[in-house]
1. Among the residues of segment 220-230, is there at least one that is open to solvent by 80 Å² or more (accessible area, probe 1.4 Å), modelled with pLDDT under 95 and part of a helix (DSSP H, G or I)?
2. Of all residues in segment 86-130, count the ones that are in contact with a helix residue (DSSP H, G or I) (Cβ under 7 Å, 6 or more places away or on another chain), assigned to a helix (DSSP H, G or I) and closer than 16 Å to Cys165 by Cβ.
3. Quick check on this structure: which one of Leu259, Leu209 is at pLDDT 95 or above, buried (at least 19 other Cβ atoms within 10 Å of the Cβ), over 20 Å from the mean Cα position of the chain (by Cα) and of a type outside the set (S, T, N, Q)?
4. In segment 73-112, what residues are modelled with pLDDT under 95 and of a type in the set (Asp, Glu)?
5. For residues in segment 127-163 being without any contact (Cβ under 8 Å) to a residue 24 or more places away in the chain and buried (at least 16 other Cβ atoms within 10 Å of the Cβ), which is nearest to Glu179 (Cα to Cα)?
6. List the pairs whose first member sits in segment 230-259 and is closer than 20 Å to Glu191 by Cα, whose second member is basic (Lys, Arg), and whose Cβ atoms are under 9 Å apart, counting only residues at least 6 apart or on separate chains?
7. Looking at segment 161-186, which of its residues are at pLDDT 95 or above and part of a helix (DSSP H, G or I)?
8. Restricting segment 11-66 to residues that are open to solvent by less than 60 Å² (accessible area, probe 1.4 Å), among the hydroxyl-bearing types (Ser, Thr, Tyr) and part of a loop (DSSP other than H, G, I, E, B), which is nearest to Glu265 (Cα to Cα)?
Amino acid sequence: MDDTDSLPVGNVIDLEKVRVTFGSAKNKSQVTALAETSLRITHGEFVALVGPSGCGKSTILKLVAGTLSATEGNVFVAGREVDAETARIGMAFQNPTLLPWLNIRDNIMMPLKIVPPFKKDFARKRRGEYRDRVEASLARVGLAGFGDKFPWQLSGGMQQRASLCRALIHDPTLLLLDEPFGALDQFTREELWEIMQQLWIDKRPTVLLVTHDLKEAAYLATRICVMQARPGRIVDDSVVPFARPRTIDLSFAPEFVSLTQRLRERIVAARTAEAIS
């Protein structure tokens, strides 16, 4: 499968010489969280950011989400500056953040209630078209029949499946994933990798994934950016060469292991250089 077939032309994410610092240079408390960084992600790409803690992965995610402002440089999402009206964005985090007083169906439906253009029709469509949309989404991730359950009645893996449904229910142009599988056991994590891959194949959103798991990055991403800490910056940007759909068996293949080992060596080398400096 060609990851670029039938996609719009242009960048969904465009960081232009972005820099993020905290504190004050005057009293020598300034810390550089992200050194000058440029990153372009086109429609339909699935880009993973990997690297040690403190390297700026989450900083980049926050810049794109608009919850953090750059000290220098420009951040564009779908061709607009990030503080202007941007493309529809979906988000999923390590904690599913489902509202405990709402059932799973209503949790997933929440973006349809608050995100344009869906919200203007919410009252009219919530019991018909929007409900059908949610039920189809639940079936796609193996949660058919669980719409009336509450979050506390589901396992962690099931909650994370529901969280992915919520992130994608409003057909976002951009999906931001902040270690959404990090708190799960290995078997559940691998099940969700397969589900996430299929959701991406079906919907083709542009995805930016932050993860510490090199195997996860190589399984899911079309590109992997390795970051170095102190100050945070991208030191390697590689295309993942494996065709889709990918399988868990692929992760044991020599070429897959070689890729993850090269990424690991790149991170270790960057940390060694950081320690010496």
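1. no
2. Counting residues in segment 86-130 that are in contact with a helix residue (DSSP H, G or I) (Cβ under 7 Å, 6 or more places away or on another chain), assigned to a helix (DSSP H, G or I) and closer than 16 Å to Cys165 by Cβ gives 11.
3. Only one candidate qualifies: Leu259.
4. Glu81, Asp83, Glu85
5. Met158
6. Final answer for the pair search is Ser251/Lys215; Phe256/Lys215; Phe256/Arg246.
7. Arg161, Ala162, Ser163, Leu164, Cys165, Arg166, Ala167, Leu168
8. It comes out as Ser29.
The values are calculated or read from the model by the stated rules, or taken from the named source; none is laboratory data. What you are looking at is a predicted structure, and each value in this text was computed from that prediction instead of being measured. Cβ coordinates were reconstructed from backbone atoms using ideal geometry, including for glycine residues, and neighbour counts include every protein chain displayed. Heavy atoms of the whole protein, side chains included, go into the accessibility calculation; ligands, DNA and RNA do not. Shrake-Rupley method; radii C 1.70, N 1.55, O 1.52, S 1.80 Å.
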